[in-house]
Amino acid sequence: MRDFSEIRGSETIDRTTKLIDLAAELLAEMEADDTITAGNIEDYRREIYVSTDKRADPATVKIENSLGGLQVWQATTGVLDRHLKALIAKGLRRKAKQHKIILTAMMGLATRHGAVPHNPMAGVAKMAPRKHAARGKVQDHHALPAFRAQVRAWARGEEIPGTPAYRSGPPRDWSLVWVIDVITGTGIRPYEVFALLLDDLDLDAPDPYIDITGTLVEAKGEKGGWIRKPAPKSENGWRRILLPAHSIEAIREAIEYLRVSGQPNPLGLLFPSRVGTFRSPNNFGRTWRAARGSVFAWVTPRTFRKGAATAVDHASNDPERAARQLGNTTAVAKRHYIDRPETVPDNRETLERWARGAPTAKV
């Protein structure tokens, strides 16, 4: 690890330092720490700075355009608490959690340098747990056939609810169909889908499979903006997944397209970009939103990751089996992905006796 005294400007942090400059110092400190991944640093940077991409909405709330102009002494517990609550009120709960993590680290840095007597983030209100009643309704998972059919209609150029028919410009990207069929047949993340190598799969095995051996992380300055981390997101992430028929069919079509199209693919990817680099999950998200239209506006890649976990759990009554499919621990799968209604104790006999006017027996 580098000596932090080498970090540019770190000795100048005081109560008048602006938060956007404090954020820059935090990023410099993180870059000096070889235990912090480039992907983690990029996650921070993406929530700190307003994007310079012309397609990005400049009004999107970032730390730079919401709090960046404040000086350290102005970043009181009340100011920071109101910022997080405003994000939650707008429905940006995930962003609020990200900002809370980043601001805690920023103000911790200011505290270490004596710019403030204590970290003001220590006093912000705790975020109430999200109510699980709205988390992935079981009936939503039955929408998959209709959703898959609509994506195919979109890829053919047809009009779908919320998205007009194709008229001009580059043809619609049929690979979206294949990507969705891989996600729904495996439960893997888009970052893992676009890191899949042709060498990671074997469709001619007695039980065709893919191996999850890496994931994409965003890296500024790299060609295409992404690099492949040769390890999954977590220690549970490396796994071999046996493929259902619809995913096998999609992968065969994708491989055949690579063969006949002559699309450059020097990295040996299953789903390369049109120029042969890693495909951006962010760009994929824009395509996904166009193909889902208005009827399926609630659908995200995470929706069917949750759907895959729920389907496996319901069929097997085994949350560990579902967790292994996703590459998570059982606790994470049960909390965030598996939609299992709580089963109450067996009260049938008591309620039947009550309905018939018979004395209820002690349980």
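The values are calculated or read from the model by the stated rules, or taken from the named source; none is laboratory data. These numbers come from a predicted model, not from an experiment. When we count neighbours, we look across all protein chains shown, and the Cβ atoms used for this are built from the backbone with ideal geometry, even at glycine.
Quick notes on this structure:
- Given (1) closer than 27 Å to residue 51 by Cβ; (2) more than 20 Å from the chain's Cα centre (by Cα), index of the condition residue 166 fails: (1)
- Taken over region 240-296, the criterion of being charged (D, E, K, R) and touching a helix residue (DSSP H, G or I) at 6+ places or on another chain (Cβ under 7 Å) is satisfied by 253 alone.
- Filter pass, residue 161 being more than 26 Å from residue 244 (Cα to Cα) and modelled with pLDDT of 90 or more: yes
- Set side by side, the residues 125, 146, 133 differ, and just one is farther than 30 Å from residue 250 by Cα, modelled with pLDDT under 95 and out of contact with any helix residue (DSSP H, G or I) (no Cβ under 8 Å at 6 or more places or on another chain), which is 133.
- Within region 9-63, the set of residues being among the charged types (D, E, K, R) and either under 15 Å from residue 98 (Cβ atoms) or more than 26 Å from the chain's Cα centre (by Cα) (or both) comprises 11, 14, 15, 18, 21, 25, 42, 43, 45, 46, 47, 62.
- Complete set of residues in region 255-269 that are among the small types (Gly, Ala, Ser) and assigned to a helix (DSSP H, G or I): 261
- Conditions (1) assigned to a loop (DSSP other than H, G, I, E, B); (2) in contact with a strand residue (DSSP E or B) (Cβ under 6 Å, 6 or more places away or on another chain): number failed by residue 272: (2)
- Filter pass, residue 250 being within 20 Å of residue 212 (Cα to Cα), aliphatic (A, V, I, L, M), modelled with pLDDT of 90 or more and not in a loop (DSSP other than H, G, I, E, B): yes
- Looking only at region 275-300, and only at residues there that are part of a loop (DSSP other than H, G, I, E, B) and of a type in the set (Phe, Trp, Tyr), the one that is modelled with the lowest pLDDT: 298
- Scanning region 50-72 for residues that are of a type outside the set (Val, Ile, Thr), in a loop (DSSP other than H, G, I, E, B) and either more than 17 Å from residue 17 (Cβ to Cβ) or touching a Leu at 6+ places or on another chain (Cβ under 7 Å) (or both) yields 51, 53, 54, 55, 56, 57, 58, 59, 62, 67, 68, 70.
- Of all residues in region 199-239 being in a strand (DSSP E or B) and farther than 17 Å from residue 183 by Cβ, the one that is modelled with the highest pLDDT: 202
- All of 60, 77 fail the test of being buried (at least 16 other Cβ atoms within 10 Å of the Cβ) and either modelled with pLDDT of 90 or more or out of contact with any strand residue (DSSP E or B) (no Cβ under 6 Å at 6 or more places or on another chain) (or both), apart from 77.
- Leading residue by the ranking (modelled with the lowest pLDDT) among those in region 301-353 that are touching a Ser or Thr at 6+ places or on another chain (Cβ under 6 Å) and over 30 Å from residue 210 (Cα atoms): 350
- Test: residue in region 15-25 that is assigned to a helix (DSSP H, G or I) and in contact with a Phe, Trp or Tyr (Cβ under 9 Å, 6 or more places away or on another chain): yes
- Any pair with Cβ under 7 angstrom, 6 or more apart, that starts in region 1-29 at a residue that is modelled with pLDDT under 95 and ends at one that is among the basic types (Lys, Arg) and in a loop (DSSP other than H, G, I, E, B): 28/8
- Taking residues in region 242-270 that are touching a residue at least 40 places away in the same chain (Cβ under 8 Å), and partners anywhere that are acidic (Asp, Glu), the pairs with Cβ atoms closer than 7 Å and at least 6 places apart or on different chains are 246/181; 247/181; 250/181; 268/199.
- Extreme residue, surrounded by the most Cβ atoms within 10 Å (Cβ to Cβ), among residues of region 251-289 that are under 23 Å from the mean Cα position of the chain (by Cα) and under 13 Å from residue 177 (Cβ atoms): 251
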